[in-house]
Amino acid sequence: MISLTEAARISGVSASTLKRWAGARVIPVRDGRWTTAAAAQARVVARMRERGHSLEDLRRAVRDGRLAFGYVEDLIPGARERPIGRAEAAAQTGLEEELIERVMTLLGTPTALEGTLNEQDVNAIESMGAVLGAGFPLVALLQLVRVYAQSIRKIAEAEVRLFHLYVHEPLIRQGVDALEMAEEMEGLARDLLPLTSPLMQYIHERYLRFYIEQDVVGHMEVDFGGMRQMGRVQMAFCFVDLTGFVRYTEEEGDEEALDLIERFIETVEATLPAEALVVKTIGDEVMIVSPDPVTLTEWAVGFLTLFKERPQPRVGIHFGRAVYRDGDYFGTDVNLTHRVVARALGGEVMVTTAVADAIGGSGYLEFDPIGRVELKGFPEPAELLVAHAREPEDRT
């Protein structure tokens, strides 16, 4: 139970408006007893009213159970915590106000507008302060925070979308009473929530162990080859896209094109070798990196055999160095790779001599030189080759 004043603070809606909405039965308030769930629902009602929806529309949504989400306030507290100003947070954590605001902005919290944090925010910032105090560079910490925020934001979005599709919507279709629906969803969410942190920690530790080992091996190979260049990482860079995708979209329509992209990206992710990683997707294009140009090129050649119909994928691969920042890779070698894929035909794996040299003799792959090719933005032509699988009788 909370007071009407506290409900107004949590929801951002005046007390008089809250009482009016409760009387209109768009907020679940019984016998004048306010709860955090009711305040949370009032926040959504306020947003819907700002978008022009009538109270009758919202009453109907309540009856259908579409606003049955207030239970989240009890499962994931935060809104009811005492607000803390940035100046107080700075005094408590020992960090400057400007840095606190920058961190919270990276996390997606509009402190520039709100001007306040809560106890969870301050505890998290204190932990970051301890990391900085231990000697971790600020620029690296800010990049790490940005990557965490981007990744976990996607996880949270997927959790909510899937819960809605596979739990909430079926209950609505079954015509379950709104109160019963809220109780059932709360029970299921309460059972699922304890699983998320241990599962994420387990997955994180598995990948952390794997990439630490990959990093050690990569650094040793660079040192042995005398190719160390501080501040850069050596990787095989790969771009894959669909040839003729714009025309396909015009002929088949947006929905069919979107389905195709989803299948294409899912196939990429499902077939990649363990050490390779999807860095980002932009429309029908996927950027991949791997410390091993051999397995990446072998994968690319095999991957293209999975697509017999248009639009066919094409692949460009280069082996070089790049600056790593915020989970992405930047530099001339990355740009070069992007130009290489643009010169490939549908169904082709186009590589640079750096890739062919790094692979050397291969019992699976062979390379057909196509000569020196002009690449946009590069002053000198590049030697390019088409990689493909050896004929069975040629393999040793």
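The values are calculated or read from the model by the stated rules, or taken from the named source; none is laboratory data. Keep in mind that what you see is a predicted model, and the values were worked out from it rather than measured. Counting neighbours? That spans all protein chains shown, and the Cβs are built from the backbone with ideal geometry, glycine included.
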- Val147 being surrounded by 13 or more Cβ atoms within 10 Å (Cβ to Cβ) and either at pLDDT below 70 or not in a helix (DSSP H, G or I) (or both): no
- Which condition number does Met287 fail, the rest of (1) of a type in the set (A, V, I, L, M, F, W, C); (2) surrounded by fewer than 19 Cβ atoms within 10 Å (Cβ to Cβ); (3) in contact with a Lys or Arg (Cβ under 7 Å, 6 or more places away or on another chain) being met? (2)
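Can you say whether Ala46 is modelled with pLDDT of 75 or more, farther than 27 Å from Leu192 by Cα, part of a helix (DSSP H, G or I) and out of contact with any helix residue (DSSP H, G or I) (no Cβ under 8 Å at 6 or more places or on another chain), as far as the supplied structure shows?
no
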- Scan Gly316, Gly346, Gly327 and give me the residue that is more than 27 Å from the chain's Cα centre (by Cα) and in the same structural domain as Arg390 (by TED's automatic domain parsing). Gly346
- Item | Residues that are among the aliphatic types (A, V, I, L, M), at pLDDT 80 or above and in a helix (DSSP H, G or I), drawn from region 11-41 | Ala15, Leu18, Ala22
- Could you list all residues from region 255-278 that are closer than 15 Å to Trp299 by Cα, of a type in the set (A, V, I, L, M, F, W, C) and either in a helix (DSSP H, G or I) or touching a residue at least 40 places away in the same chain (Cβ under 8 Å) (or both)? Phe264, Ile265, Val268, Ala270, Ala274
- Task: Hey, can you tell me all the residues within region 247-268 that are surrounded by 13 or more Cβ atoms within 10 Å (Cβ to Cβ) and not hydroxyl-bearing (Ser, Thr, Tyr)?
- Result: Glu252, Ala257, Leu260, Ile261, Phe264, Ile265, Val268
- Of those in region 93-107 that are over 12 Å from Leu117 (Cα atoms) and of a type outside the set (A, V, I, L, M, F, W, C), the residue nearest to the chain's Cα centre (by Cα) is Arg102
- Note on the structure: Note on Thr243: of the conditions (1) within 20 Å of the chain's Cα centre (by Cα); (2) modelled with pLDDT of 70 or more; (3) among the hydroxyl-bearing types (Ser, Thr, Tyr), unmet is (1)
